[in-house]
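Novice: One structure, as C-alpha cells, below. Some questions next.
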Amino acid sequence: MALLTPDAFAQRLSDIDVGMFERWDVSGVIVDLDNTLVPWNSREVTSDGGAWIRSVQRAGIKVCLLTNNYSSAARTIADEFGVSAIAGALKPSPWAFGGALRALGVSAKQAAVVGDQIFTDVLGGKLAGMRAVLVRPLGTAEFPTTKFIRLLERPLLERLRRSGHIT
Ligand SMILES: [Mg+2]
C-alpha cells in the first residue's frame, strides 16, 4: 500500500507549497503532463500550472516533464519554460523515472514526482524511491486506457480519502 500512497495531495498545482520540497530536501521535480499541467492532449499549460512551474524554478528547483504521451507537446512546453522533458516514458517503469533523474542531475532521494494518476505517477515515483505528490486531474477527457485504469484507481482513492491522505 505504501507504494500507492502519495506523500502529499493537492487540488491543483498552485496548492503545492514549494516550501514542502525544500523541507524534503528535494531539488528536482518531475511533473506529469496530461491532466496535471495541461488538459488531456493539449499543449496549453493552464495559467495555474504555469505560475506554479515558475515558482518552483524561482526556488532553484529543477523541473523535468515526464509523460507517457508520444506527442511533441512535451518538447514545446519544455522549451517554453526552459526545462527538460521525456515523452513516451512508459511510466510507472523505473527506467522512465531513472531517465528523468539523469536529466535533472539529482538522486531519487532529492526528487519528487507530481502527477494525477496513482498507477503511473505515484507508483512509479515510489518504486524509484522518490516522494510523490498526487494532484486532482484537470479534466475527465483522457485515453481509453487511462479511463480503464481510473476504474481500478477508484477504490484506492476511496481508501486514501477515508484514511485522510487525500481530500
Ligand atoms: Mg496525467
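The values are calculated or read from the model by the stated rules, or taken from the named source; none is laboratory data. These numbers come from a predicted model, not from an experiment. Don't worry about glycine lacking a Cβ; one is built from the backbone with ideal geometry, like all the others, and counts go over all protein chains shown. To get the accessible areas, we keep the full protein, side chains included, count just its heavy atoms, and leave off ligands, DNA and RNA. Shrake-Rupley method; radii C 1.70, N 1.55, O 1.52, S 1.80 Å.
Novice: Would you confirm whether any residue within the stretch 107-117 is among the aliphatic types (A, V, I, L, M) and more than 15 Å from ASP32 (Cβ to Cβ)?
Specialist: For the stretch 107-117, residues among the aliphatic types (A, V, I, L, M) and more than 15 Å from ASP32 (Cβ to Cβ): present.
Novice: Within the stretch 93-114, does at least one residue satisfy the condition of being under 21 Å from GLY49 (Cα atoms), within 13 Å of the ligand (Cβ to nearest atom) and hydrophobic (A, V, I, L, M, F, W, C)?
Specialist: Looking for residues that are under 21 Å from GLY49 (Cα atoms), within 13 Å of the ligand (Cβ to nearest atom) and hydrophobic (A, V, I, L, M, F, W, C), one finds at least one in the stretch 93-114, hence yes.
Novice: With the structure loaded, tell me whether ILE166 is out of contact with any Lys or Arg (no Cβ under 8 Å at 6 or more places or on another chain), modelled with pLDDT under 95 and within 11 Å of the ligand (Cβ to nearest atom) or whether it fails that test.
Specialist: no
Novice: Then there is this: Filter the stretch 124-158 down to residues that are part of a helix (DSSP H, G or I) and either open to solvent by less than 70 Å² (accessible area, probe 1.4 Å) or touching a residue at least 60 places away in the same chain (Cβ under 8 Å) (or both), then give me how many there are.
Specialist: Going through the stretch 124-158 one residue at a time, the tally reaches 10.
Novice: I need the full set of residues from the stretch 24-55 which are without any contact (Cβ under 8 Å) to a residue 40 or more places away in the chain, among the hydrophobic types (A, V, I, L, M, F, W, C) and over 15 Å from GLY115 (Cα atoms), in order please.
Specialist: ALA51 - this is the single residue of the stretch 24-55 that is without any contact (Cβ under 8 Å) to a residue 40 or more places away in the chain, among the hydrophobic types (A, V, I, L, M, F, W, C) and over 15 Å from GLY115 (Cα atoms).
Novice: Does at least one position in the stretch 16-39 carry a residue that is out of contact with any helix residue (DSSP H, G or I) (no Cβ under 7 Å at 6 or more places or on another chain), open to solvent by 60 Å² or more (accessible area, probe 1.4 Å) and either closer than 15 Å to VAL83 by Cβ or of a type in the set (Phe, Trp, Tyr) (or both)?
Specialist: Taking every residue of the stretch 16-39 in turn, none turns out to be out of contact with any helix residue (DSSP H, G or I) (no Cβ under 7 Å at 6 or more places or on another chain), open to solvent by 60 Å² or more (accessible area, probe 1.4 Å) and either closer than 15 Å to VAL83 by Cβ or of a type in the set (Phe, Trp, Tyr) (or both).
Novice: Hey, another quick one. Open to solvent by 40 Å² or more (accessible area, probe 1.4 Å), within 20 Å of LEU13 (Cβ to Cβ) and not in a helix (DSSP H, G or I): is that true of THR76 in this structure?
Specialist: No; evaluated as a whole, the condition is false for this residue.
Novice: Quick check on the stretch 81-108: of everything there that is part of a loop (DSSP other than H, G, I, E, B) and in contact (Cβ under 8 Å) with a residue 60 or more places away in the chain, which residue is surrounded by the fewest Cβ atoms within 10 Å (Cβ to Cβ)?
Specialist: Among residues in the stretch 81-108 that are part of a loop (DSSP other than H, G, I, E, B) and in contact (Cβ under 8 Å) with a residue 60 or more places away in the chain, the one surrounded by the fewest Cβ atoms within 10 Å (Cβ to Cβ) is GLY105.
Novice: Another question about this same structure. Would you confirm, using the coordinates I've provided, whether ALA111 is closer than 23 Å to SER14 by Cβ and crowded, with 20+ Cβ neighbours inside 10 Å?
Specialist: yes
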